[in-house]
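The values are calculated or read from the model by the stated rules, or taken from the named source; none is laboratory data. None of these values were measured; they are calculated from a predicted model. Backbone-built Cβ (ideal geometry, glycine too); neighbour counts: all protein chains shown. Remember, those area values only see protein heavy atoms, side chains included, never the ligands or the DNA or RNA. Shrake-Rupley method; radii C 1.70, N 1.55, O 1.52, S 1.80 Å.
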Amino acid sequence: MKITKEDLISIIFLLPLYIFLIVVVFIPLVNVVLGSFGISLFGEESRLTLEGYYKFMAPDSPYLYSLFFTIYISAIATVISILAGYLFAIYLTIKKPPVWRRVSTIMTIPLFTPYIVGAFMWWTLLFPRGYISLVINGLLMRLGLIHEPLPLVNDPYGIGILFGEVWIRFVIAVSIFYGPLQMINPELIDAARSLGANTWQIITKIFIPLTKYSIIATSAIILLATMAGVSIPLVLGGSWPQFLNVMIYLDVTTTFNYLMAFTSGVFYIIASATLGYIFFRFTMRRVIIQTR
Amino acid sequence: MEREKKQKLWDAIIISIVMIYILLPMFVLFEYAFAEVWYAYQLFPVKLGLKWFSWVFKHHDTRMAFFYSYTLAPLVMLATLALCIPAGYVLATRRNRLSILTENLVNMNMALPVIVIGIGLLPLYTRLGLVGNYWALIPAHMIGAIPYTLRSITAAFMQVPKDLEEAARVLGATRLQVIRKVYMPLTWRGILAGGIFAFSWSLNEFILTLLLGAPAIKTLPISIYEYVGGYYLTPQPAAALSIFILLPSILVAILFERYLQVSLGLGGS
């Protein structure tokens with residue numbers, strides 16, 4: 001194979017990016033994977049061991065439980081955000097409310113709000129004296145469903161995390177869905193309407209089939225982002241169960257248990273790489289075409 | 001006529017609900033930031049004022065946090081652009097196997113939990129004596145910014161008609177001239193948007209700074225976390241600090257919406 005001048009230029013232009021990726025992403029990843037077997041690239045002593053994996057996979061392992069909790073809460077947050085976001089984007093597409101043009105900027109604010117600030121803002125709403133907590137608990141107690149206030153933040157059910165995540169992910173979902181929905185030929189909708197289709201039929205027969213790849217890919221992006229984000233579960237999560245990334249953080253900073261942190265890291269990589277691969281492999285190129 | 005009025009009412013109701021949902025957390029944040037006196041049993045603060053803002057500026061730690069956050073962000077932006085502009089150009093103009101591989105690698109990066117990269121970097125940084133080093137935080141902040149910036153820049157380069165480059169090349173322009181005279185004028189919006197992405201990513205970056213920078217270097221998000229997380233909770237200074245990363249964020253959102261109209265154009269046009 002002959003390397004042409006064009007190839008050489010491509011390589012030179014891409015080289016800094018590759019060096020960056022190797023040093024700052026690839027080496028750390030190798031370090032995590034080797035570290036989970038007890039092999040240390042930069043530390044002092046190495047000993048080959050499977051102890052981390054035994055501990056992780058043990059039936060009463062807090063790590064395994066934590067992984068399930070992470071996936072479970074992230075999945076719920078994703079479903080809520082995607083459903084609400086898609087419906088709202090469709091509403092904007094069909095009705096084209098004139099007021100929207102004036103307020104749409106507000107909608108982008110959560111996209112640029114630091115997660116830690118978002119998490120903190122929701123904490124102030126959900127802690128026992130926060131507005132939402134007062135309203136929800138007041139309502140539930142008046143209805144006689146509960147007898148003492150329900151903890152809505154730092155709670156064992158992940159309610160606080162859900163509130164914080166959905167606030168950001170809903171907006172992301174709307175902003176991603178809005179583009180592809182605008183690309184749909186409005187004549188299709190007029191045609192369907194004149195043939196007697198109702199709004200629900202238009203959604204299920206026109207909108208969803210034409211945007212299905214962007215729905216799948218957006219779900220993947222949101223699920224991955226929710227699983228990976230640390231700030232929200234760190235601030236809004238309870239003392240137990242915790243997101244796996246919070247466990248990893250605590251292992252590294254408080255107990256210095258690098259072996260378990262690395263092992264959890266490997267499982268985290270496997271979980272997100274699998275998800276990422278499935279979705280990106282089959283949808284990304286189509287989505288780029290759809291959203292552009 | 002009657003129908004139109006009804007529709008308008010419904011629009012107003014739906015949009016208001018969504019707007020309240022988006023803005024309510026911010027409203028409470030402002031309440032905390034400006035509340036000088038707020039008794040536990042009352043719904044609203046009794047006295048508003050700037051006490052907490054002056055409190056924030058009086059403390060050395062929080063003052064330094066401003067300095068670190070607002071000097072790191074432009075540096076991260078420049079470094080990210082320096083990496084992504086040449087790469088984006090190649091990815092957009094040569095759609096070969098290498099480009100697709102690169103795109104996939106960078107996208108994979110997005111799927112990786114940052115904390116995992118963080119704990120992998122920590123021993124490397126420790127070994128090199130870079131923990132708590134200001135400059136060493138720049139690459140750490142770039143990790144999350146690169147996928148977005150690169151995509152924005154690649155998209156911008158893709159919108160340039162290929163004939164233009166060929167015409168310029170035929171007329172004897174060098175590669176550098178093609179970039180400067182053909183691509184730059186047509187792609188600056190995408191590049192600016194990518195740069196702003198990197199800037200705001202750096203302002204928001206939390207966990208890697210916490211792992212690799214703290215306690216020597218505390219940016220604004222770390223300071224906020226210190227007041228919120230852990231066992232002692234003082235929402236007022238955290239709220240006052242939050243305002244200083246929220247306001248630039250809102251500014252960026254407006255900038256994107258009104259002037260750049262890229263990728264996030266939510267019904268603007």
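Among residues other than residue B:233 whose Cβ falls under 15 Å from its Cβ, what is the net charge (Lys/Arg +1, Asp/Glu -1)? Please list the in-between numbers first.
Numbers: positive: A:129; negative: B:226.
Residues near residue B:233 contribute 0 overall.
Return the equivalent ellipsoid semi-axes of region A:85-155 as a descending list in whole Å, where each equals the square root of 5 times an eigenvalue of the C-alpha gyration tensor.
32, 18, 10
Using θ = phi - 60° and the Karplus relation 6.51 cos²θ - 1.76 cosθ + 1.60, list the HN-Hα couplings for region B:58-73 in order, rounded to whole Hz, with x at every Gly or Pro.
Karplus values, whole Hz, x for Gly and Pro: 7, 8, 4, 4, 6, 4, 5, 4, 4, 4, 4, 4, 7, 9, 5, 4.
Rolling a 1.4 Å sphere over the protein heavy atoms, what is the accessible area per residue of the protein assembly as shown, to the nearest Å²?
Numbers: 26680 Å² over 561 residues.
Heavy-atom accessible area per residue stands at 48 Å².
Of all the Cα-Cα pairs you can form in the protein assembly as shown, what percent are over 39 Å apart?
So the pairs more than 39 Å apart make up 30 percent of the total in the protein assembly as shown.
Sort A:142, B:169, A:102 by heavy-atom solvent-accessible area, probe 1.4 angstrom, most to least.
The ordering from most to least exposed comes out as A:142, A:102, B:169.
Roughly how much of residue B:52 is accessible, in Å² to the nearest 10, using a 1.4 Å probe?
Around 40 Å² of this residue is reachable by solvent.
With N residues in region A:37-124, what two-decimal value do you get for its Cα radius of gyration over 2.2 N^0.38 Å?
Numbers: Rg = 22.4 Å, N = 88, 2.2 N^0.38 = 12.1 Å.
The reported ratio for this selection is 1.86.
Take the cross-link list A:205/B:8; A:95/B:8; B:58/B:218; B:51/B:218 and give me the ones stretching past 19 Å between alpha-carbons.
Violating the 19 Å Cα-Cα cut-off are A:205/B:8; B:51/B:218.
For A:23, B:106, write out the residues from largest to smallest accessible area, computed with a 1.4 angstrom probe and no ligands counted.
Reading off the accessible areas and sorting them downward yields A:23, B:106.
Would you kindly find the accessible area of residue B:151, with a 1.4 Å probe and non-protein molecules such as ligands, DNA and RNA excluded, rounding to the nearest 10 Å²?
Accessible area of residue B:151: about 80 Å².
Please compute the modelled spin-label separation between residue B:37 and residue B:188, points set 7 Å along Cα→Cβ, answer in nm with one decimal.
5.4 nm
How do B:121, A:150, B:247 stack up against each other in accessible area, from largest to smallest, with a 1.4 angstrom probe? It would help to have the intermediate numbers written out before the result.
Details: B:121 0, A:150 55, B:247 90 Å².
Result, largest first: B:247, A:150, B:121.
Helix-only estimate, please: 222 nm mean residue ellipticity of chain A, summing -39500 (n - 2.57) across DSSP H runs of length 4 or more and dividing by its residues, to the nearest 500.
Computed mean residue ellipticity for chain A: -23500 deg cm²/dmol.
Work out from phi, with θ = phi - 60° and the Karplus expression 6.51 cos²θ - 1.76 cosθ + 1.60, the ³J(HN,Hα) of each residue of region B:74-89, listed in order in whole Hz, and give x for Gly and Pro.
x, 5, 4, 4, 5, 5, 5, 5, 4, 7, 8, 5, x, 5, x, 4
Would you list, by chain and number, the aspartates and glutamates whose Cα falls below 18 Å from the Cα of residue B:47, excluding same-chain residues fewer than 8 positions away?
Partners found: B:31, B:36.
Quick one: plug the Kirkwood hydrodynamic radius of region A:50-285 (C-alpha pairs) into Stokes-Einstein at 4 °C, 1.567 mPa s, and report D in µm²/s.
65 µm²/s
Between residue B:104 and residue B:181, take the C-beta separation as r, use R0 = 45 Å, and let me know the FRET efficiency to the nearest 0.05. Working shown, then result.
Values: r = 32 Å, r/R0 = 0.71.
The pair residue B:104/residue B:181 has a calculated efficiency of 0.90.
Using only the alpha-carbon atoms, how far is helix B:2-34 inclined from the longest principal axis of chain B? Give it as 0 to 90 degrees, nearest 10.
Tilt of helix B:2-34: around 70 degrees.
Convex hull volume of the Cα atoms in region A:1-48, per residue, in Å³?
With only Cα atoms used, region A:1-48 gives 99 Å³ per residue.
Would you mind checking the radius of gyration and Dmax of region B:54-131 based on alpha-carbon positions, in Å?
For region B:54-131, the Cα radius of gyration and maximum Cα-Cα distance read 18.2, 56 Å.
From the P(r) of chain B, can you give the percent of Cα pairs sitting at distances over 24 Å?
Summing the P(r) of chain B above 24 Å gives 62 percent of all pairs.
As a test of the formula, what do you get for chain B when each DSSP H run with n ≥ 4 contributes -39,500 (n - 2.57) and the sum is divided by the residue count, at 222 nm and rounded to the nearest 500 deg cm²/dmol?
Numbers: 11 runs with 193 residues, N = 269.
Taking each H run of at least 4 residues, the total per residue is -24000 deg cm²/dmol.
Show me you know the interface measure: the accessible area buried between B and A, both chains summed, probe 1.4 Å, in Å² to the nearest 100.
The contact between A and B buries close to 8000 Å².
Please work out how much accessible surface residue A:213 shows to a 1.4 Å probe, ignoring ligands, DNA and RNA, in Å² rounded to 10.
Result for residue A:213: roughly 70 Å² accessible.
What residues qualify as long-range amide H neighbours of residue B:36, i.e. H under 5 Å apart, gap of 5 or more or another chain, H built at 1.01 Å from N?
Here the answer is B:47, B:48, B:49, since their amide H atoms fall under 5 Å of that of residue B:36.
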